[in-house]
Every structure is written in C-alpha cells, then in structure tokens.
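Working notes, structure below.
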Amino acid sequence: MFADVHCHADLYQDFNDVVIRAKQTGVAAIVAVSMDIKSMDTIIKISKQYYGFVFPSLGLHPDACSRTTEMDLTKGLELIRSSSKNLVAIGEIGLDHYFVKSREFYPWQEKIFREMLRISQELNLPVILHTKGAERLIFKILEEYRLENVLIHWYTGPKDLIDVGTKRDYYFSITPAITYSKKVQYVAEKISLDHLLTESDGPVEYDKIRGEPKDCKLIVKKIADIKGYSEDEVEQKLFENAFYFFKSKLGKSY
Ligand SMILES: [Zn+2]
C-alpha cells in the first residue's frame with residue numbers, strides 16, 4: 001500500500017478519476033494540503049466526501065502570501081482550531097524566496113509561517129513544509145519551536161542541511177521528480193528509509209506529465225533501485241512511516 005502525503009486535491013478538475021486510479025494502484029491514503037483560505041474549505045469538503053481515504057492538512061502556503069489578508073490569517077487560524085481533531089497536519093506552510101521574487105512580501109510570509117508553526121505546536125500537529133529558496137532560514141526558525149513531526153516536502157538542497165535534518169529527526173517526502181532530478185535522487189539516497197515518504201504534489205507536472213497519487217508506486221520503485229532494497233520492502237516501510245508520521249490518524253479523520 002502507498003500513502004501520498006502531499007496532494008493538492010482541490011486543484012484537479014477530475015479528482016474522482018484520480019481517486020479511482022489511485023485505488024487501483026494500491027494507494028490507501030491521500031493527505032490533501034491547502035494553499036489559501038479558499039482551498040482550506042474545499043479540502044475539508046473533499047475529506048468529508050472521501051472519508052477514510054483523503055485526510056486534511058490545513059495551512060496557508062507562502063506562494064499565496066500576496067493574496068492572503070490579515071483577515072484570512074485570522075479566519076484560517078480559527079478554522080484550523082475548530083477542525084483540529086480531524087486534521088492530520090498543518091500544511092502546506094513555509095517560506096518561498098525562489099518563486100516569490102518580491103522581497104516586500106517576505107516579512108508577511110514569515111509572519112504567516114510563524115503563526116502556522118505556533119498553532120501546530122499548540123495543537124500538537126505535524127507540519128508539512130515548503131522551503132524553496134529559504135531552506136537555511138527555515139531550519140533556523142524551526143529551532144525556536146517544539147514541533148511534533150516535521151516533514152520537508154520536495155527538498156532539493158542545500159546538501160549540508162540534509163545532515164542537519166537527519167539529526168533533528170525530520171522526514172523528507174519524494175516526488176515523481178525522482179525519475180529525472182539528480183537533486184531529488186540525492187535526497188532519496190542520503191535519507192534513511194525510515195525517514196522517507198512518497199508524495200505526488202499533484203497536479204504539479206513532471207516532464208509535462210501531471211502528477212497523481214498513483215505515481216507513489218513509481219517513486220517507491222525508484223527509491224528501491226537507488227537504495228538497493230526490494231520494492232516490497234520500500235513499499236511497506238514507507239507506508240508505516242506515513243502512519244507513524246501522522247500519529248496513526250490516517251484511517252480515522254472525518
Ligand atoms: Zn505542494
């Protein structure tokens with residue numbers, strides 16, 4: 001069985017077909033992450049609709065900072081608090097200094113990020129992090145919080161922080177980019193099997209092919225090739241990791 005621990009379920013036009021293909025491939029759980037205040041509501045609706053298969057993770061994404069208002073942040077925090085017993089994590093949250101070029105947004109991005117970290121600490125929920133272009137700053141900020149479980153999604157460098165993350169017990173999720181990206185392959189090689197997870201980040205495209213939860217099978221195969229394990233071993237271990245990371249909440253949410 002496979003778990004897609006990072007999927008933008010609300011961004012597919014044909015999510016029901018995506019779910020059918022995922023189930024046919026052996027996917028047993030999808031963690032749906034939000035981007036902004038609007039997608040928070042949609043993610044909750046989808047998680048109710050696909051009860052026991054899609055599990056909600058709510059958060060405000062750094063790339064959405066320019067369209068996120070003070071009121072959205074307040075509302076988002078209220079929604080997280082009121083639905084906390086059904087959430088498996090806080091995410092997708094973080095900082096982005098790569099796609100977000102306008103520096104005037106950085107303080108606001110950090111303010112949102114810190115509020116998200118504060119609430120995940122308060123509610124004892126794991127975090128799913130986007131770190132693009134701000135990896136060092138994020139690793140520094142994380143030291144100020146006592147967080148349950150930390151997942152770095154689609155990490156591509158700098159290389160030296162992989163050791164820091166390992167020492168701090170962070171988890172790393174691998175996308176279908178493992179099929180062509182040397183940086184992603186390096187992460188899969190360096191991180192021990194008990195701290196790896198699979199994700200589609202769908203509907204993001206990989207080599208012009210849209211990512212879907214069903215791709216977790218392909219990711220497992222590639223990790224098995226890189227690390228020299230059997231596919232079955234990797235499949236079983238990574239599913240166990242997901243169950244452990246989300247504190248056994250996959251299976252019981254909405
Ligand atoms: Zn994402």
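Coordinate-derived values only; no laboratory data. Predicted, not measured: the structure shown is a model, and the values here were computed from it. So basically every Cβ, Gly included, is an ideal-geometry build from the backbone, and we count neighbours across all protein chains shown.
Would you please calculate the Kirkwood hydrodynamic radius of region 16-77 over all C-alpha pairs and express it in Å, rounded to one decimal? Can you show the working numbers first?
On the way: mean 1/r = 0.0792 Å⁻¹.
Over region 16-77, the inverse of the mean reciprocal pair distance is 12.6 Å.
What is the magnitude of the charge dipole of region 2-245 about its Cα centre, with +1 placed on the Cβ of each Lys and Arg, -1 on the Cβ of each Asp and Glu, and no other charges, expressed in debye to the nearest 20?
That gives region 2-245 a dipole magnitude of about 180 debye.
What GluC sites (Glu not before Pro) in region 1-104 are in a loop by DSSP, with at most 14 other Cβ atoms within 10 Å of the Cβ? Please list the in-between numbers first.
Values: sites: 70, 78, 92, 104; in loops: none.
Answer by residue number: there is no such site.
Can you classify region 168-254 as rounded, prolate or oblate using the Cα gyration tensor, where a ≥ b ≥ c are the square roots of its eigenvalues, rounded means a/c under 1.5, and otherwise it's prolate if a/b beats b/c and oblate if not?
Details: a/c = 1.67, a/b = 1.18, b/c = 1.42.
Here region 168-254 falls in the oblate category.
Taking only Cα atoms and a 10 Å spring cutoff, compute GNM fluctuations for the chain and point out the largest among 191, 20, 44.
20
Show the residues, 5+ positions off or on another chain, whose built amide H is closer than 5 Å to the amide H of residue 27.
2
Does region 204-254 classify as rounded, prolate or oblate by the C-alpha gyration tensor (a ≥ b ≥ c root eigenvalues; a/c under 1.5 gives rounded; else a/b over b/c gives prolate, otherwise oblate)?
Since a/c reaches 1.5 but b/c is at least a/b, the shape of region 204-254 is classed as oblate.
Taking just the C-alpha trace of region 123-175, give me its Rg and Dmax in Å.
10.4, 31
To the nearest µm²/s, what D does Stokes-Einstein give for the chain at 4 °C and 1.567 mPa s, using the Kirkwood radius over alpha carbon pairs as Rh?
72 µm²/s
Taking only C-alpha pairs under 8 Å that are 6+ residues apart, what is the relative contact order of the chain in percent?
23 percent
In nm, to one decimal, how far is the residue 71 label point from the residue 51 one, both placed 7 Å along Cα→Cβ?
That separation, rounded to one decimal, is 3.4 nm.
Using only DSSP helix segments of four residues or longer, with each worth -39500 (n - 2.57), what per-residue ellipticity at 222 nm results for the chain after dividing by its residue count and rounding to 500?
-13000 deg cm²/dmol
Around residue 55, which amide H atoms from residues at least 5 apart in sequence, or from another chain, sit under 5 Å from its own amide H, with H modelled in the peptide plane?
Sorted by chain and number, the residues that satisfy this are 30, 31, 32.
What pairs in 183/217; 23/75; 45/182; 23/140; 85/221; 111/208 have C-alpha atoms more than 30 Å from each other?
Table pairs above 30 Å Cα-Cα are 23/75; 45/182; 23/140; 85/221; 111/208.
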